[in-house]
């Protein structure tokens, strides 16, 4: 059974048209992460929620926003996608500071910007 | 300086060879260390956690040296199915998790 679910798996949007990617989890983990991964590169942390606390990375563009309305769901909003935002977006969850301390990843959403 | 740095690779080795990957991290307060494996166009999958005492899982051995801020992964008797990108991952502070750039491994018959 899928534990971290990302929807949609593939998203096509137009340049400048806002898009929202969603992530849900059945694990009841308190931390949720969003990563951006471009071809042949490692996942780059955009931001994460530790419980309700939002932690933004310093180099994450303002174009990227996130919402976590409850423990199970987290959204990534791209306000005005550019061609450079085409990538795989990975959601991950984790229990911190206790538990196995490992991250569980969703299958990712591949974003295409036309 | 990047928070987590890895051997750039790629590594191309014959089946049955032993291969080692290295990784260094900059934050001495880091608490958690992992090796992940990522296949092409798939999400990363946990290979193993890394502990100070070192740990082994079949053909895979991971080591952590806190004094040198260094992590390693050794793969013995490599198989064709080991071909993938190996990612060094560090819990750098509190809840933050950072990936290294990854090392690409290709096993040839």
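Values quoted throughout were computed directly from the atomic coordinates according to the rules given, and no laboratory measurement underlies them. The model shown is predicted, which means the values in this text are computed figures rather than measured ones. No Cβ is skipped: glycine too gets one built from the backbone with ideal geometry, and neighbour counts run over all protein chains shown.
Give me the inter-chain shielding for B:36-43: mean count of other chain Cβ atoms within 10 Å, whole number please.
Values: counts 5, 0, 5, 0, 2, 4, 4, 14.
Whole-number average of other-chain Cβ neighbours for B:36-43 is 4.
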Next item on the list: With springs connecting C-alpha atoms under 10 Å apart, model chain A as a Gaussian network and identify which of A:14, A:41, A:25 has the largest mean-square fluctuation.
Entry: A:41
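Using a 10 Å cut-off around each Cβ of peptide B:18-27, what is the average number of partner chain Cβ atoms that fall inside?
On the way: counts 0, 0, 0, 0, 0, 0, 0, 0, 0, 0.
Averaged over the peptide's residues, the number is 0.
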Note to self: Among A:72, A:24, A:40, which one shows the highest mean-square fluctuation when chain A is modelled as a Gaussian network with alpha-carbon springs under 10 Å?
What the structure shows: A:40
Check: Once the Cα atoms of region A:29-114 are picked out, what are the Rg and Dmax in Å?
Finding: 12.9, 43
Notebook entry, point to check: Can you sort B:19, A:4, B:4, B:89 so the residue with the fewest Cβ neighbours within 10 Å comes first?
Noted result: B:19, A:4, B:4, B:89
Check: Hey, how many Å between the Cα centroid of region A:62-114 and the Cα centroid of region B:33-102?
Finding: 22 Å
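Express the C-alpha Rg of the protein assembly as shown as a ratio against the empirical globular expectation 2.2 N^0.38 Å, rounded to two decimals. Can you show the working numbers first?
Working: Rg = 17.6 Å, N = 223, 2.2 N^0.38 = 17.2 Å.
This ratio for the protein assembly as shown stands at 1.02.
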Check: Measuring from label point to label point, each 7 Å out along Cα→Cβ, what is the residue A:67 to residue A:79 span in nm?
Finding: 1.4 nm
Notebook entry, point to check: Can you pull the mean other chain C-beta count within 10 Å for peptide A:42-52?
Noted result: 4
Checklist line | Pairwise Cα inverse-distance average, inverted: Kirkwood Rh of region A:56-104 (Å) | finding: 13.0 Å
Margin query: Using only the Cα atoms of region A:1-60, what are the Rg and Dmax in Å?
Written below: 13.3, 36
Next item on the list: Among B:74, A:111, rank each residue by its count of other Cβ atoms within 10 Å, from fewest to most, as a rough exposure measure.
Entry: B:74, A:111
